[in-house]
Every structure is written in structure tokens, then in C-alpha cells.
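What follows is a structure written as C-alpha cells; I'll ask about it next.
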Amino acid sequence: MKLIFAGTPDFAAAALSALHAAGHDIALVLTQPDRPAGRGMKLKPSAVKARALELGLPVSQPQTLRDAGARQALHDIGADVMVVAAYGLILPQAVLDIPPLGCLNIHASILPRWRGAAPIQRALLAGDAESGVTIMQMEAGLDTGPMRHVVRTPISATDTAASLHDRLMALGAAAIVEVLADPAAFPPCTQPEAGVTYAAKLDKEEARLDWTRPVAELDRAVRGYCPVPGAWTTLGCDLLKVWGASPADGRGAPGTVLEAGHDGLLVACGDGALRLSEVQPAGGKRLAASAFAAGRHGLVGQLLGTDPA
């Protein structure tokens, strides 16, 4: 099948690789413009661009798809379908109408739950029992289009946003190949009106740990914000990122360090305690919480998350 592919991050690059391996004629790859990255802030191509160049595929990086010239260029390709995965640009209706089979989106949730920008993280933060991938026929609304295929996966008690992302990335790549192998076998199904939720973008401030909250919520926060933006708290004047933690027994004023030793840091919460296993001090590297504790004296009794006066 002749197709146009539009995507930007690793999640999309996996689907691009799978479609190429399945023998589809990928006539054009659309991706976001190169962005500054790293300490030197040098321009870096997206994961999709890098993969497309490895495969010898033509790449375009338009700033917008709203001008007539960009739309005409897509029309002239004569693709049967456009596959979209975490592209980052809004596709106007005029673009959605170009391919005869329309535009298919690989969305990392079981729609209509978690429409929007951060479905993987929001599912973890909410304590959902499962997540999945929906192949959706795109329309002008935000992730409102008919569903063509849904693949589900349970969320484990140890899943992080990173581990769930990688699992959904593989499921999404396989699912779009399955749908394009026989589109008629996956007719569009209107999304139910009940159960709609929106996955708002993440920001750093919301990832600050509130030690008065129940331990189950804090555990999900550490896992849900890993690796971006990263759960964090404060120790005195310093920021402390928390990369690994698990619920544990313990009682005390919320935020109090109850133990600091070879088992890491045990911190009191609104109910119970959270055992920190991996942390990162400001300006430092990620390390085991036990190593962090070994390098500091007097941690027991200190309060995390309390801004100094």
C-alpha cells in the first residue's frame, strides 16, 4: 500500500520501521523540524527523521500543513492512506480528506479514555488497571474519530511511564501493520460517549511530591512521571528527584525521613510510608538512595518537601 507517514518521537519511529518491514510503499515521511538539544544546543533530528534516513525514505519537515502548497504536495503523492503517530502538528480537514482511506492515528490509550497529549502518564497516575493502543480514523476533533482496532495490555504495579511506553510502542507498531494488511476487516466504530477523559500535558510543578497524599498516589506519581518530567521533592534548599520508590510500612509526620541506610530512604506519607530506592540530587547523577544516604549524615528526622523560610 502506498502511504504517507507522519510522526516524530521513538513511539512513531517503531511504527515506521514496522510498516517498512511489512513492505508498504512509504512515499513520504513527515516529521517535526530539527530542534536544539544537549548541552551544546545543536540541532538534532527527530527519531522518525533519523530512522527514515536510515531506510532511505524521503523526509519533509514543514512548519505547518495549513498552506495550499503543502496540501497540494501531499495530494500529488497519490497515497492510499496517511499514518499518523505523535506527529505534533494539527492536520486540517483538507489534509485529512486527501488519502482515499483517510488518516489513521496510532493513539496510546483505549479511547475514549485519555484523549490528548499524555495518555500513558495519565493512565498510570490515575491507577488504571489497563492501557492499550487504539488505531483511530482521524477527524477534526481531538482524538474523537472512529476506532478501527484496539489492543489492550494490563498495567502492573511496577510499570513506569517508560516501561508502559515501550510496550505500547511495540503494540502500536504491530497493530497498524495488522490494520493495513486488511483494512476491510477493521471497520470504523464510533467511540462511546461515556468514559471520555482528557490527558493534559505534563508540567514540572505537578510532579512535585506532596507528602500529605496517600502512599499509593505517591507511588504512582514516581512511576508516572518517570522519566519526564521526573518526580521531585526538596531537601532543605536543594531539589531532589525521585526515580524509584515503593510503598512500605511506617508512620510519622508527612515528609519525615524515618530511616536512611542500606535499604534507602523511608519517608512518611499521608498514610504509611514510601521507600525511596533511587534519587538524584541537584547537579548530580542518579544513584541508589542507599548510596545517597551513606554520603549524608543526620537525614533521619529531616523533612522533605518543606521550603526553607
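The values are calculated or read from the model by the stated rules, or taken from the named source; none is laboratory data. Keep in mind the model is a prediction, meaning the values are calculated, not measured. Every residue, glycine as well, gets a Cβ built from its backbone with ideal geometry; the counts of neighbours run over all protein chains shown. Keep in mind that these areas ignore ligands, DNA and RNA; they rest on the heavy atoms of the full protein, side chains included. Shrake-Rupley method; radii C 1.70, N 1.55, O 1.52, S 1.80 Å.
Can residue 149 be described as open to solvent by 30 Å² or more (accessible area, probe 1.4 Å), out of contact with any Leu (no Cβ under 8 Å at 6 or more places or on another chain), farther than 18 Å from residue 197 by Cβ and part of a strand (DSSP E or B)?
Yes, satisfied.
Under 6 Å by Cβ, and 6 or more places apart or on different chains, what pairs join a residue from segment 253-269 that is in contact (Cβ under 8 Å) with a residue 24 or more places away in the chain with one that is aromatic (Phe, Trp, Tyr)?
What qualifies is 254/211; 255/211; 269/211.
Return a yes/no flag: does segment 61-79 have any residue that is more than 21 Å from residue 176 (Cα to Cα), under 25 Å from the mean Cα position of the chain (by Cα) and among the small types (Gly, Ala, Ser).
no
If you take the residues in segment 237-286 that are among the small types (Gly, Ala, Ser) and over 16 Å from residue 213 (Cβ atoms), which one is most open to solvent (accessible area, probe 1.4 Å)?
Filtering first and then ranking leaves 283.
Taking only pairs six or more apart or across chains, which ones have beta-carbon atoms under 8 Å, a first residue in segment 141-160 that is farther than 16 Å from residue 187 by Cβ, and a second residue that is in a loop (DSSP other than H, G, I, E, B) and open to solvent by less than 40 Å² (accessible area, probe 1.4 Å)?
Partner pairs satisfying both residue conditions: 143/111; 143/112; 144/112; 144/191; 152/110; 155/128; 160/226.
Determine, yes or no, whether residue 121 is open to solvent by 20 Å² or more (accessible area, probe 1.4 Å) and either in contact with a strand residue (DSSP E or B) (Cβ under 7 Å, 6 or more places away or on another chain) or closer than 29 Å to residue 228 by Cβ (or both).
Taking the combined requirement at face value, the residue satisfies it.
Residues are listed down the side, and each one gets a yes or a no for (1) closer than 30 Å to residue 128 by Cα; (2) out of contact with any Ser or Thr (no Cβ under 6 Å at 6 or more places or on another chain); (3) open to solvent by 70 Å² or more (accessible area, probe 1.4 Å):
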{"position": "62", "(1), (2), (3)": "no, yes, no"}
{"position": "66", "(1), (2), (3)": "no, yes, yes"}
{"position": "84", "(1), (2), (3)": "yes, yes, no"}
{"position": "95", "(1), (2), (3)": "no, yes, no"}
{"position": "100", "(1), (2), (3)": "no, yes, yes"}
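Please name all residue pairs, on different chains or six or more residues apart, with Cβ atoms under 7 Å, provided the first residue is in segment 194-215 and is closer than 24 Å to residue 270 by Cβ and the second residue is open to solvent by 60 Å² or more (accessible area, probe 1.4 Å) and of a type in the set (Asp, Glu).
214/271; 215/271
To keep it simple, each residue is scored yes or no on (1) surrounded by fewer than 16 Cβ atoms within 10 Å (Cβ to Cβ); (2) more than 16 Å from the chain's Cα centre (by Cα); (3) hydrophobic (A, V, I, L, M, F, W, C).
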site	(1), (2), (3)
127	yes, no, no
131	no, no, no
134	no, no, no
153	no, no, no
175	no, yes, yes
185	yes, yes, yes
192	yes, yes, no
202	no, no, yes
205	yes, yes, no
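How many residues are over 16 Å from residue 79 (Cα atoms) and out of contact with any Lys or Arg (no Cβ under 9 Å at 6 or more places or on another chain) when one looks only at segment 13-32?
4
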